[in-house]
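The values are calculated or read from the model by the stated rules, or taken from the named source; none is laboratory data. Not measured: the values here are computed from a predicted model. Glycine gets a Cβ as well: all are built from the backbone with ideal geometry, and neighbour counts include every protein chain shown.
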Amino acid sequence: MGDREEFCFVHAADVHLDSPLAGLARYEGAPVQAIRRATRDAFSNLVELAVVEAVDFVLIAGDLYDGDWKDYNTGLFFSAQMARLEEAGIPAFVVAGNHDAASQITRRLRPPGNVHVFSTAAPQTRVLERLGVAVHGQGFPRREVTEDLSRAYPAPLEAHFNIGLLHTALDGREGHAPYAPASVAGLRARGYDYWALGHVHAREVVCEEPWIVFPGNLQGRHAREIGAKGASLVRVAGHRVEAVEHRAVDVVRWFDEAVDCGAAADVDTVLSRVEHALERVRDAAQGRLAAVRLRLTGEAPVDARLRSQAERLVNECHALAVNIGDVWVEQVRVETREPGDASAALSRDDAFGGLLRSIRDLDADDEALAELATEFIPLRNKLPAGLLSGDDAFDPASPDTVRAALADVKALLVARLAGMDEGT
């Protein structure tokens with residue numbers, strides 16, 4: 001038994017230092033440097049958390065790196081952060097995962113004195129006598145480890161708080177390679193008090209008797225890794241886990257935002273809804289940079305125009321993000337569809353269907369629409385001047401007027417077809 005009855009530690013995993021965030025769009029005003037530095041800044045936040053909370057040690061359960069270093073700067077950054085921990089008297093324990101397996105990393109630096117990197121050849125045990133803690137772990141010797149490493153982990157040390165540090169897919173998790181598979185029953189059978197797992201990027205408390213925890217990754221790297229990302233702060237008293245708290249350390253937070261475009265008749269209406277959505281995302285990010293994938297959804301009369309004006313649409317969304325601030329639009333996906341009745345009518349193999357398809361194509365072609373509008377110039381020239389000015393101005397040669405008339409014609413055709421199908 002150690003000298004202290006109470007202690008705490010940080011359990012982190014899947015840091016992926018210097019991993020390039022996916023889909024880095026380079027448009028004017030995009031926060032490119034902030035996004036590039038995200039994994040480093042999140043790791044700095046983790047170290048700051050450990051220092052501020054005065055934890056007794058830090059665990060990193062694999063994938064500290066994202067594969068072989070491009071240069072030594074990645075390793076030098078890690079060493080500098082560990083020096084901050086060493087100054088605070090905090091040791092760190094690390095196992096290699098599939099991304100930083102022994103066979104993956106060719107450049108190496110000796111770890112700082114307060115860092116223990118577990119062997120990849122066989123399980124090891126490190127003991128913190130003053131705390132009465134035993135940490136057991138083994139890293140990946142190669143990227144594709146298909147055997148259950150936990151089976152070879154040693155028996156728990158008597159009168160110690162035993163921790164298993166392991167990079168594993170456990171019994172399988174969607175979206176993650178089935179490396180070092182293990183079972184909950186097998187981990188429980190080891191008799192440890194806490195299993196500090198890594199590899200799965202979504203936070204998950206698998207079990208509480210004993211505690212088996214995936215803390216998730218420190219920093220979301222793409223639009224499938226949404227929400228708060230960070231590490232687990234674990235408090236122990238009397239050799240029993242009292243609390244496992246999730247602490248966010250991410251600096252870029254990902255959102256997958258669906259914008260309902262139902263009944264939207266024009267692009268400006270859609271953009272207004274996008275603006276409100278981006279403001280909500282900015283607020284939800286709580287001061288962090290918000291990275292968002294926009295999905296435009298719903299039955300929308302404007303569907304064809306959204307698809308035909310894709311370049312304008314994307315850049316309008318980028319401009320909105322720049323104006324709002326602290327928001328980066330990673331991608332804009334048009335998932336709208338024609339209103340139900342119109343969609344069915346468009347597929348008809350008759351004159352009605354052909355006319356509706358012609359209206360749809362014309363609505364989506366700005367050049368053709370502008371050319372059609374010129375046909376109404378003679379009519380405009382015959383109208384009284386009062387009709388062409390003021391709040392209620394009507395200009396039959398304006399493309400917007402023609403587009404609105406086409407929408408009305410389409411609605412009348414669809415309504416007439418619906419009435420015909422119902423026998424009215």
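When you scan the stretch 244-251, do you find a residue that is crowded, with 22+ Cβ neighbours inside 10 Å and part of a helix (DSSP H, G or I), even just one? No, the conditions are met nowhere in the stretch 244-251.
Applying the criterion of at least 1 residues that are in contact with a helix residue (DSSP H, G or I) (Cβ under 7 Å, 6 or more places away or on another chain) to the helices (runs of 4 or more DSSP H) found wholly in the stretch 1-103 leaves 38-52, 73-87.
Only residues that are over 32 Å from the mean Cα position of the chain (by Cα) and either outside the structural domain of Ser44 (by TED's automatic domain parsing) or surrounded by fewer than 14 Cβ atoms within 10 Å (Cβ to Cβ) (or both) were counted in the stretch 89-126, giving 5. Looking only at residues of the stretch 200-210 that are part of a strand (DSSP E or B) and farther than 12 Å from Ser232 by Cα, we find that the one that is nearest to the chain's Cα centre (by Cα) is Val206.
Here is the figure for the stretch 255-269: residues that are without any contact (Cβ under 8 Å) to a residue 40 or more places away in the chain and touching a Gly at 6+ places or on another chain (Cβ under 6 Å) total 2. With the condition kept exactly as written, say whether any residue in the stretch 220-228 is over 29 Å from the mean Cα position of the chain (by Cα) and in a loop (DSSP other than H, G, I, E, B). No, the stretch 220-228 contains no residue that is over 29 Å from the mean Cα position of the chain (by Cα) and in a loop (DSSP other than H, G, I, E, B).
Would you confirm whether any residue within the stretch 60-82 is surrounded by 16 or more Cβ atoms within 10 Å (Cβ to Cβ), at pLDDT 95 or above and charged (D, E, K, R)? No, because not a single residue in the stretch 60-82 is surrounded by 16 or more Cβ atoms within 10 Å (Cβ to Cβ), at pLDDT 95 or above and charged (D, E, K, R). The residue pairs whose first member lies in the stretch 111-122 and is closer than 17 Å to His167 by Cβ and touching a residue at least 60 places away in the same chain (Cβ under 8 Å), whose second member is part of a loop (DSSP other than H, G, I, E, B) and among the charged types (D, E, K, R), and whose beta carbons are closer than 9 Å, counting only pairs six or more residues apart or on different chains, do not exist in this structure. Looking for something small (Gly, Ala, Ser), more than 22 Å from Ala96 (Cα to Cα) and surrounded by fewer than 22 Cβ atoms within 10 Å (Cβ to Cβ) - is there at least one such residue anywhere in the stretch 136-157? Within the stretch 136-157, none of the residues are small (Gly, Ala, Ser), more than 22 Å from Ala96 (Cα to Cα) and surrounded by fewer than 22 Cβ atoms within 10 Å (Cβ to Cβ).
When Asn162 is tested against (1) over 20 Å from Glu208 (Cβ atoms); (2) in a strand (DSSP E or B), just one condition goes unmet, and that condition is (1). For the stretch 201-211, the criterion of being surrounded by 24 or more Cβ atoms within 10 Å (Cβ to Cβ) and in contact with a Leu (Cβ under 9 Å, 6 or more places away or on another chain) is met by no residue. Among residues of the stretch 188-199 that are under 16 Å from Gly132 (Cα atoms) and basic (Lys, Arg), none has a Cβ under 6 angstrom from a residue that is at pLDDT 95 or above and crowded, with 24+ Cβ neighbours inside 10 Å at a sequence gap of 6+ or on a separate chain. Entry remark, the stretch 62-97: residues being in contact with a strand residue (DSSP E or B) (Cβ under 7 Å, 6 or more places away or on another chain) and over 21 Å from Arg37 (Cα atoms) number 7 in total.
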